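J.: Have a look at the structure that comes next, please.
The values are calculated or read from the model by the stated rules, or taken from the named source; none is laboratory data. None of the values given here were measured: they were computed from a predicted structure. FYI the Cβ positions are ideal-geometry reconstructions off the backbone, even for glycines, and counts take in every protein chain you see. Accessible surface areas use protein heavy atoms only, side chains included; no ligands, DNA or RNA. Shrake-Rupley method; radii C 1.70, N 1.55, O 1.52, S 1.80 Å.
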Amino acid sequence: MWMKSYLILLSLLMIVIFPVSASYAGDKPLTTVNHDVHRGGVDFSLGNSKYSGEMMSNDTYTVDFEVAVPANASIRFARAYAYWVWSKKGLEGIYPTINASVMHHGVASPVSHDSRYTDTKGFAARYDFFSGTDVYDLTNRIHENGTYSISLRNSAYDERTLCLQGIGLLIIYEYQDSPVIEYWVNEGCDMIYAEHGITPEMATTTTYFKGGIDTEKVSRAYLVTASPSGGLTQGAKQTRNKLYFNEKAEVTPILGDIIRILFGSGKVWKDIYMTSESVQIAIDEREVTNYLKPKDNFAGIQDSGDYMLVTNAILVLEFEEEGEEKENKTAGFGLLAGIIAMSIACVAGKR
């Protein structure tokens, strides 16, 4: 009897300490799958993606992409992301069965997914259908410029259906005439929604770009993020979503904004994700050069009643060439020095 009570108590404690891994909270941070340094560039595109609507068994969805890297460049990393939602069988959430292929020069080649990331609302309710990102490694399939068509077929035969919001294609190439770049490729699927007891602070997912960098040698830094369903609710007067870079997801007073301007701290942007009924994936590319940290940079995406998936975050650094004059990235300190100098002058003038 004592042992039975102990096991029940232990089970309850495990439920409290280890909450369910699927919910509207930011509980599934993106995973870094590639981190490298070389001369080259990064391109992320949705091609001609559009919302599929409900796909029945054997229905096929195709997106065309134009790959155009510089002549003599070599493609080092190619990855396709299929964003699916509303995967169900009747009123039951269920994982989809998808067959994928890539066509180039009229030749179609089947591909299997490299990874699958999924999330659900995480509580018992109607319409708790599954959403996810299927990832396909196309590094050995894309070698040259041209048109590539990626097709996805609902291969289920048990009446399960799904909807595809689109496909993203990431191309990273090596090119000796380009600047040296360092990049982190983070991917996954985190469903966030500040509703049903979930606060905006809880509906925040944070992704890290681990490692140290010499910020003084970075000439440019930019962050690419993708959010299926982000901003689909349009016309709202209040803030729907936020992007944080090297800044905690909390309300900052006006003084905090001034400190960020003067000393180059983190940054927050509001309502940067916006989609439509036909194109339901928001992609944002944002300069973050002045907000870099020397170690372990991070980005946070917050929902404020929008409902969105967070699937991709790519941080790219471009480094200055030897002997290249560095852009002044300490403008904040110069501004502060100017304010101090003016204050001293004013005081001196009153004497």
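Residue by residue, here is whether (1) among the hydroxyl-bearing types (Ser, Thr, Tyr); (2) within 15 Å of Tyr61 (Cα to Cα) holds:
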| residue | (1), (2) |
| --- | --- |
| Pro96 | no, yes |
| Ala100 | no, yes |
| Tyr117 | yes, no |
| Thr120 | yes, no |
| Ile142 | no, no |
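J.: Quick test for you: out of Glu182, Glu187, Glu144, pick the one residue that is out of contact with any helix residue (DSSP H, G or I) (no Cβ under 7 Å at 6 or more places or on another chain), assigned to a loop (DSSP other than H, G, I, E, B) and charged (D, E, K, R).
T.: Of Glu182, Glu187, Glu144, the one residue that is out of contact with any helix residue (DSSP H, G or I) (no Cβ under 7 Å at 6 or more places or on another chain), assigned to a loop (DSSP other than H, G, I, E, B) and charged (D, E, K, R) is Glu144.
J.: Name the residues in the range 126-170 that are surrounded by fewer than 16 Cβ atoms within 10 Å (Cβ to Cβ), at positive phi and in contact (Cβ under 8 Å) with a residue 40 or more places away in the chain, would you?
T.: Answer for the range 126-170, where residues must be surrounded by fewer than 16 Cβ atoms within 10 Å (Cβ to Cβ), at positive phi and in contact (Cβ under 8 Å) with a residue 40 or more places away in the chain: Gly146, Glu159.
J.: For the range 171-205, how many residues are farther than 23 Å from Phe130 by Cβ and open to solvent by 10 Å² or more (accessible area, probe 1.4 Å)?
T.: So the count comes out to 12.
J.: Filter the range 111-141 down to residues that are assigned to a loop (DSSP other than H, G, I, E, B) and not basic (Lys, Arg), then give me how many there are.
T.: Count: 14.
J.: Continuing with the same structure: With respect to Met55, determine if the residue is surrounded by 19 or more Cβ atoms within 10 Å (Cβ to Cβ), modelled with pLDDT of 95 or more and more than 25 Å from the chain's Cα centre (by Cα).
T.: yes
J.: If you go through the range 105-122 one residue at a time, do you hit one that is open to solvent by 40 Å² or more (accessible area, probe 1.4 Å), of a type outside the set (A, V, I, L, M), free of Cβ contacts under 8 Å to residues at least 60 places away in the same chain and in contact with a Pro (Cβ under 9 Å, 6 or more places away or on another chain)?
T.: Checked against the condition, which is being open to solvent by 40 Å² or more (accessible area, probe 1.4 Å), of a type outside the set (A, V, I, L, M), free of Cβ contacts under 8 Å to residues at least 60 places away in the same chain and in contact with a Pro (Cβ under 9 Å, 6 or more places away or on another chain), the range 105-122 yields no hits at all.
J.: Something else: Quick check on my filter: what residues within the range 58-82 are among the aliphatic types (A, V, I, L, M) and open to solvent by less than 60 Å² (accessible area, probe 1.4 Å)?
T.: Hits for the range 58-82 are Val63, Val67, Val69, Ala73, Ile75, Ala78, Ala80, Ala82.
J.: Looking at the range 226-241, is at least one residue in a strand (DSSP E or B) and either surrounded by fewer than 24 Cβ atoms within 10 Å (Cβ to Cβ) or of a type in the set (Phe, Trp, Tyr) (or both)?
T.: No, the range 226-241 has no match at all.
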